[in-house]
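Everything below concerns the one structure shown next.
The values are calculated or read from the model by the stated rules, or taken from the named source; none is laboratory data. The structure presented is a predicted model; accordingly, all values stated were derived computationally and were not measured. Positions of Cβ are backbone-derived with ideal geometry, glycine not excepted, and every protein chain shown enters the neighbour counts.
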Amino acid sequence: MKDSAAASIVDRLMTDAPVFHAGGTRVWNALPDTLGLLAAHVRAGDRTIETGAGASTVIFTAAGAEHTAISPAPDEHQRIRAYCEKIGLDTSRLSFRAETSDTALPALALDRPVDLAFIDGKHSFPHPTIDFHYVEQKLAVGGVLVLDDVPMPAVAVVYGFMQGSADWELLEVADHRAAAFRKLAEADPDDNWHLQPFNRGYPDYSFAPLSQRIRLSTHHRVRQSARKLRAQLPVGRRRGTPGR
């Protein structure tokens, strides 16, 4: 999709202001710069997926992507498809899954890896994390994932992980809320949690009362210091045998 065509469809959406949600009474579409961000990254023939549906679905359709939108509201799907057809868009490559993403994503079989994904479904915890877990498995290395509504704490935890991971490159943030990341590598299949920057704050005792927090943190630091000291001792001393 060329920039001019991308700008054109975003402008059309802003002018028409189609109402897709809540029985055709509410507008919960992504913001203009976020729609422009999607339009700038999607290309004709791309394999794309999103959790949620709305104006973003129109962007993917206009680009000529092989697109799957996952949301549990069939009436919204009908309104989106009808709007696309009304403005002359080919909807033959558009498909909907009328399920919640936590049910649909694990069972979703795609013909090839995803080039561009948009996470904008349920925002209550843990849904954004679940969406990320399954979507990133389907995303090709080099593909782009756009994460909407980053200021929401349930979404921010995913953003925090991605921003600190060497597997992801932050490309840009649109509307102060939608972050685009490029996938640089597949996730480590092993449980090497201690290698993740996201876990550098271990141990986090913020759940404990202040007095216990101080005691637990102090105990951990003492144990860490003792472990480092033992590692510096000669092998024989570490095993408890007399040194020479």
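Checked against (1) at negative phi; (2) out of contact with any Phe, Trp or Tyr (no Cβ under 6 Å at 6 or more places or on another chain), Ala69 meets all criteria but (2). Given Arg12, Arg26, which one is assigned by TED's automatic domain parsing to the domain that holds His176 and in contact (Cβ under 8 Å) with a residue 60 or more places away in the chain? Sole residue among the options that is assigned by TED's automatic domain parsing to the domain that holds His176 and in contact (Cβ under 8 Å) with a residue 60 or more places away in the chain: Arg12. Scanning the range 183-194 for residues that are surrounded by fewer than 16 Cβ atoms within 10 Å (Cβ to Cβ) and touching a strand residue (DSSP E or B) at 6+ places or on another chain (Cβ under 9 Å) yields a count of 3. The single residue among Ile87, Ile59, Ile80, Ile70 that is surrounded by fewer than 23 Cβ atoms within 10 Å (Cβ to Cβ) and within 20 Å of Val27 (Cα to Cα) turns out to be Ile87.
Put simply, of Val141, Val146, Val150, Val158 the only residue that is surrounded by fewer than 18 Cβ atoms within 10 Å (Cβ to Cβ) and at pLDDT 95 or above is Val141. When the residues of the range 43-55 are filtered to those that are surrounded by fewer than 24 Cβ atoms within 10 Å (Cβ to Cβ) and either not assigned by TED's automatic domain parsing to the domain that holds Met14 or not basic (Lys, Arg) (or both), the one that is farthest from Glu136 (Cα to Cα) is Ala44. Filtered by the rule that a residue be touching a residue at least 40 places away in the same chain (Cβ under 8 Å) and closer than 15 Å to Ala39 by Cα, the range 164-186 gives Glu172, Ala174, Asp175, Ala178, Ala180.
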